[in-house]
Amino acid sequence: MTRPNDTRMHDVTDETRAIVDLVLDYSRARLLSEDTPLDKPLPPAELTRLAGRTIDERGIGATKALGIFEHVLAPACITTDDPRYLSFIPSAPTKAAAAFDLVVSASALYGGSWLEGAGAVHAENEVLRWLAAEFGLPAGAGGVFVQGGTLGNLSALVAAREAARDRLEAAGAARPDRWRVVCSVEAHSSIASAARVMDVEVVGVPVGDDGTLRGDAVRAALDEHGDSVFAVVATAGSTNFGIVDDIASIADAVAGSGAWLHVDGAYGLAAMLSPASRHRFAGVERADSLVVDPHKWLFAPFDACALIYRDPDLGRRAHTQHAEYLDTLTETSDWSPSDFAAHLTRRPRGLPLWFSLATYGAAVYREAITGAVDLAQQIADEIERRDEFVLVRRPQLGVVVFERVGWQKADYDRWSARLLDEQHAFVTPSSHAGRTNARFAILNPRTTYEDLIGILATMP
Ligand SMILES: *Cc1c(COP(=O)(O)O)cnc(C)c1O
């Protein structure tokens, strides 16, 4: 009896073997390639024309589909791990982490519950515990890897509000008419996004010229808004400048107020692993929750944010989903990652980082992070030495922001577009206080001083 055609996609056949070989061969070549171009986007009409119609009833076959990916679609995606990708926050997965992502996919692992994914969850938790210890959190701290800092911040703030509700209720106090979250005016846009989702108000606290939020300003906001403030967010490495708020003084201001201290370290908190910058993060150990994105400076592939609670029970209380079909999971005290954020189904996206850390050890991570911090200092020194440039702020971590004297926005835009067009580098303009500037986000260990000097030379 021949197998019915409807299992063709799942059975192990010659066709299946050929497809798997095709995909693994491509992946192997990409992972080991030393000359992947920077690449660039194409307009929608152009992609439609080049890719043609790929989805029909009969299928176009793996060879043709992969060919279209390789020759049309992939070249229309910027190579985010290129050493001269210096925009936004780059991504530079280690080879071990990127390769292990294939294993995560190949194994159909489910990372939502202990029942289904105990082994994977165990390994993820080892990474979370290691991170928590690096940040000085107590042994009971824990959490979950979520998709990104945006979801991590939202999930932490939801837990914070839940805790504030419980606290007011226990004290017999009324809930405020409007909940508020206090953060720096330079905090990441995801805090405002979380506040919109939660329908709470953001109290943006002004910062000094150096961009650092400090305890006295936070204290003033807490005095003004009282019990309506359920959380204070300190930024441990702003995305625009890499500035670390004065977390210790903020923790002092928050202590005793009843508010929750959340540290948004999506970009910068990784730099606490480096002895060169560890001191900047004093006070993180007092956080009620924090996030750091492995897909940024911990060299993991997209997409992963480590969300860690000082008291994971508070995260669980806020987020566990209850349903009849989930009773088997929620009636136990097992550690189920689904319970700690606004999600349910999840891939164990912490595993690539786990494999890479286990493979290489932590020391080389520290060195790689230190290298980026040092390089940022070096290029900032060079920019300060040159009359045609103005350093906007002295870098603390890996972000260097500077102006080309005499340039207007249109000059930066033209320059940036040309750099990409010529496949030289990907450096998008940014702005501060209404002035356009150029910004290097240095993170990739393969970015060199010469790369950066070469880019400065394109700004005559
Ligand atoms: C990148 C970033 C975020 C958002 O993280 P995503 O992973 O992009 O969702 C939040 N806060 C800071 C400080 C960031 O740098």
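The values are calculated or read from the model by the stated rules, or taken from the named source; none is laboratory data. These figures come from a predicted structure and were not determined experimentally. Because the Cβ atoms are built from the backbone with ideal geometry, glycine has one as well, and the counts that use them run over all protein chains shown.
Assorted remarks:
- Flag set for Ala98, criterion: more than 15 Å from the ligand (Cβ to nearest atom), touching a Pro at 6+ places or on another chain (Cβ under 8 Å) and more than 20 Å from His343 (Cα to Cα).
- Here is the figure for segment 188-200: residues that are crowded, with 17+ Cβ neighbours inside 10 Å and within 14 Å of the ligand (Cβ to nearest atom) total 5.
- Condition met for Val203 (farther than 19 Å from Leu314 by Cβ, within 15 Å of the ligand (Cβ to nearest atom) and modelled with pLDDT of 95 or more): no
- Ala18 meets the conditions (1) surrounded by fewer than 12 Cβ atoms within 10 Å (Cβ to Cβ); (2) farther than 24 Å from Ala368 by Cα in every case but one. The failed one is (1).
- Segment 124-181: number of residues that are of a type in the set (Phe, Trp, Tyr) and within 16 Å of the ligand (Cβ to nearest atom): 2
- Any chance Val185 is without any contact (Cβ under 8 Å) to a residue 24 or more places away in the chain, in contact with a Pro (Cβ under 7 Å, 6 or more places away or on another chain) and either within 16 Å of the ligand (Cβ to nearest atom) or not assigned by TED's automatic domain parsing to the domain that holds Leu168 (or both): yes
- Of all residues in segment 236-255, at least one satisfies being crowded, with 24+ Cβ neighbours inside 10 Å, outside any loop (DSSP other than H, G, I, E, B) and within 12 Å of the ligand (Cβ to nearest atom).
- Residue tally, condition farther than 22 Å from Ala441 by Cβ and within 16 Å of the ligand (Cβ to nearest atom), over segment 256-285: 2
- Test: residue in segment 193-207 that is in contact with a Gly (Cβ under 9 Å, 6 or more places away or on another chain), assigned to a helix (DSSP H, G or I) and assigned by TED's automatic domain parsing to the domain that holds Gly268: no
- Given (1) surrounded by fewer than 20 Cβ atoms within 10 Å (Cβ to Cβ); (2) among the hydrophobic types (A, V, I, L, M, F, W, C); (3) not in a helix (DSSP H, G or I), number of the condition Val263 does not satisfy: (1)
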